[in-house]
Amino acid sequence: MKIRIITDSAADLPQPCRPELTILPMTVTFGTEQFLDGVDLTHRQFYEKLIEGDILPTTSQINPAQFEEAFRQAGEAGEAVVAVLLSSKLSGTCQSACIAAQEYPGRVFVVDSENATLGERILVERALELMDQGLEAAAIANRLEAEKKDIRLVALLDTLEYLKRGGRISSSAALVGGLLSIKPVVAVERGEVVMLGRARGSKNGNNLLVQ
């Protein structure tokens, strides 16, 4: 049986994508403006709006109806589905897929990546590799469930500005951190974003990132 890999736009996959891959866009809201991520809002445009605006954007999860439509189309094309999605601890998107998948037992397999952005993307690319090797959908999903624990996403934040604007830290903490050039290092662990440590200056931040 042919296989279709489905993911969400949080995986930040480059375009164009392989024909066996479907990317469902999340909705990004800047104030009163709404955009479909990766459709009418590019990564460059997102960061331009982020820098220029005073209000942080919000994202809306993909709803069960959108997944049901994607699963139905795959079924009509004679395809089994492996859906690799944004961590369920960061979004309700994965739960939406699980709800829609109940109508397709044995044909749709949902994998919670327990990750985001590059970490999720790695798992999607691995799914495509396994598909190319001839594995069936159920086997691909099982391999991804086992191998996703090996993916570790770690990042150095160059600024505290967005942590302040998002309410993660106070304005006074952001001010002091900025004056001292504090660089936080964060990671995704068990599906959640956690703080690994802080360093003073970019050089020390990069050293901490490597550690």
Taking 0.36 nm per residue of separation between L196 and T117 and subtracting their Cα-Cα distance, the length gained on full extension comes to 26.6 nm
Rounded to whole Hz and in sequence order, give me ³J(HN,Hα) for the stretch 144-157 from the Karplus expression 6.51 cos²θ - 1.76 cosθ + 1.60, θ = phi - 60°, writing x for Gly and Pro. 5, 4, 6, 7, 4, 5, 8, 8, 10, 9, 10, 9, 9, 8
Any lysines whose Cα falls less than 20 Å from that of K183, other than same-chain ones fewer than 8 residues away, would be K164, K203
On C-alpha positions alone, give me the angle between the axis of helix 117-132 and the longest principal axis of the chain, in degrees, nearest 10. 20 degrees
For the chain, built as a Gaussian network whose Cα springs stay under 10 Å, the top-fluctuating residue of E189, E33, E79: E33
Interchain or sequence-distant (5+) residues whose placed amide H lies within less than 5 Å of the amide H of I182 are G201
Sequence-distant or interchain residues sharing an amide H contact under 5 Å with I6, placed H: which? T22, V82, A83, V84
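Sorted by accessible area (1.4 Å probe), largest first, how do M195, M26 line up?
On the way: M195 85, M26 15 Å².
Solvent-accessible surface, decreasing: M195, M26.
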With 0.36 nm assigned to each residue of separation and the Cα-Cα distance removed, Q133 to N204 gains 21.3 nm
In whole percent, and with a 1.4 Å probe on the protein chains, what portion of the accessible area of the chain is carbon and sulfur? 52 percent
Need one value: the accessible area of L135 in square angstrom, 1.4 angstrom probe, rounded to the nearest 10. 40 Å²
Let me have the 222 nm mean residue ellipticity of the chain computed from DSSP H runs of 4+ only, each contributing -39500 (n - 2.57), with the sum over all residues rounded to the nearest 500. -11500 deg cm²/dmol
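The values are calculated or read from the model by the stated rules, or taken from the named source; none is laboratory data. Just so it is clear, the structure is predicted and the values come from calculations on it, not from any experiment. When the accessible area is computed, the model is the full protein with side chains, heavy atoms only, and any ligands, DNA or RNA have been set aside. Shrake-Rupley method; radii C 1.70, N 1.55, O 1.52, S 1.80 Å.
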